[in-house]
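The structure under discussion appears below in the form of structure tokens.
The values are calculated or read from the model by the stated rules, or taken from the named source; none is laboratory data. Quick caveat, the model's predicted, so the values are computed rather than measured. Cβ placement follows ideal geometry from the backbone for every residue including glycine, while neighbour counts extend to all protein chains displayed. Keep in mind that these areas ignore ligands, DNA and RNA; they rest on the heavy atoms of the full protein, side chains included. Shrake-Rupley method; radii C 1.70, N 1.55, O 1.52, S 1.80 Å.
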Amino acid sequence: MAGSAVLAGHVLSDPAKASSPARSTAIAPPAAPVLVELYQSEGCSSCPPAEAWLNSIADRTNVIPLAFEVTYWDYLGWKDKFASPAYTQRQRDFAARSADHEVATPQFWINGQRRVTGANPGAVEAAIAAVRPLAPVPVVGADGATIARGAAPARPADVWLVRYDPRVVQVPIKAGENEGRTLPHRNLVRELTSLGVWKGAAAHFSFAPATGGLRSAVFLQDGRGGAVLSVGSDATPAQRDGR
């Protein structure tokens, strides 16, 4: 090494560099992911730009982006086969606890705490930066999710399992406002299941392994339409690597 001498197995550094702080070799743990929910419909002509942006962030490690297809635009001439009344109700539950009760598409909910209506990536990014987990992040495996002990929530938190498809699903639209277009979907929600409640103690919630190429995400939520306290997925790098 230039500017150094080796003596009896020790490195004597250049005095000019002696006061420089040592570089840390510790690897910082990955940031807790943020749940980004997009409520949309294949029958909504305003939705494709918002969905295209959601697709573009599907592989980011600091977010778990999910596409929830809603039913209330089916009457416009195209029935969205991925839509579910349960997803429509979830969006309405968020709206019921908001100031203006707005239900619209496309509409983003970020950790259930902040809402962005329309295709506005800048506003969604700002919301992602502003929220933080309020409970231990679930560690999601093939057969269940483990939640570490944490501060007891004000009331028991709902524990939800989501199965979603990380692959690109191309859907030709043959009627309605998007007739003639082929819409690419990613992270489509295919199942939404209640696992129980979490009261602050360490807990494990069991479920069957995902099949058919689907992935699993588990989140804690402060009641129906409330804030998402934390979220984990079997796609989270730290969990894939066993850390």
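Worth pointing out:
- Of all the numbered requirements in (1) in contact with a Lys or Arg (Cβ under 6 Å, 6 or more places away or on another chain); (2) surrounded by fewer than 18 Cβ atoms within 10 Å (Cβ to Cβ), Ala126 misses one, and that requirement is (1).
- Selection within region 60-70 - touching a residue at least 24 places away in the same chain (Cβ under 8 Å) and open to solvent by 40 Å² or more (accessible area, probe 1.4 Å): Thr61, Asn62
- Look at region 76-100: where a residue is free of Cβ contacts under 8 Å to residues at least 60 places away in the same chain and a partner is among the aromatic types (Phe, Trp, Tyr), sitting 6+ places away or on another chain with Cβ atoms under 8 Å, you get Asp80/Trp73; Thr88/Tyr72; Gln91/Tyr39; Gln91/Phe68; Gln91/Trp109.
- Residues in region 90-104 that are among the hydrophobic types (A, V, I, L, M, F, W, C), more than 18 Å from Val162 (Cβ to Cβ) and open to solvent by less than 60 Å² (accessible area, probe 1.4 Å): Ala95, Val103, Ala104.
- Residues being closer than 28 Å to Gly43 by Cα, assigned to a loop (DSSP other than H, G, I, E, B) and charged (D, E, K, R) - total across region 178-201: 3
- Taken over region 61-77, the criterion of being at pLDDT 95 or above and closer than 20 Å to Val168 by Cβ is satisfied by Val63, Ile64, Pro65, Leu66, Ala67, Phe68, Glu69.
- Hey, Ser206 open to solvent by 40 Å² or more (accessible area, probe 1.4 Å) and modelled with pLDDT of 95 or more or not: yes
- Under the condition of being among the basic types (Lys, Arg) and closer than 26 Å to Ser84 by Cβ, the residues counted in region 139-182 number 4.
- Residues of region 134-162 that are open to solvent by 20 Å² or more (accessible area, probe 1.4 Å) and closer than 21 Å to Arg215 by Cα: Pro136, Val137, Val139, Gly141, Ala142, Asp143, Thr146, Asp158, Trp160.
- Any hit, region 78-87, residues being surrounded by 19 or more Cβ atoms within 10 Å (Cβ to Cβ), touching a Ser or Thr at 6+ places or on another chain (Cβ under 7 Å) and not charged (D, E, K, R): yes
- So Gln107, is it touching a residue at least 40 places away in the same chain (Cβ under 8 Å) and open to solvent by less than 20 Å² (accessible area, probe 1.4 Å): yes
- The one condition in (1) among the polar types (S, T, N, Q); (2) open to solvent by 60 Å² or more (accessible area, probe 1.4 Å); (3) touching a Pro at 6+ places or on another chain (Cβ under 8 Å) that Ser194 fails to fulfil: (3)
- Top-ranked residue of region 46-59 - restricted to ones that are open to solvent by less than 60 Å² (accessible area, probe 1.4 Å) and more than 13 Å from Asn187 (Cα to Cα), ranked as nearest to the chain's Cα centre (by Cα): Ala50
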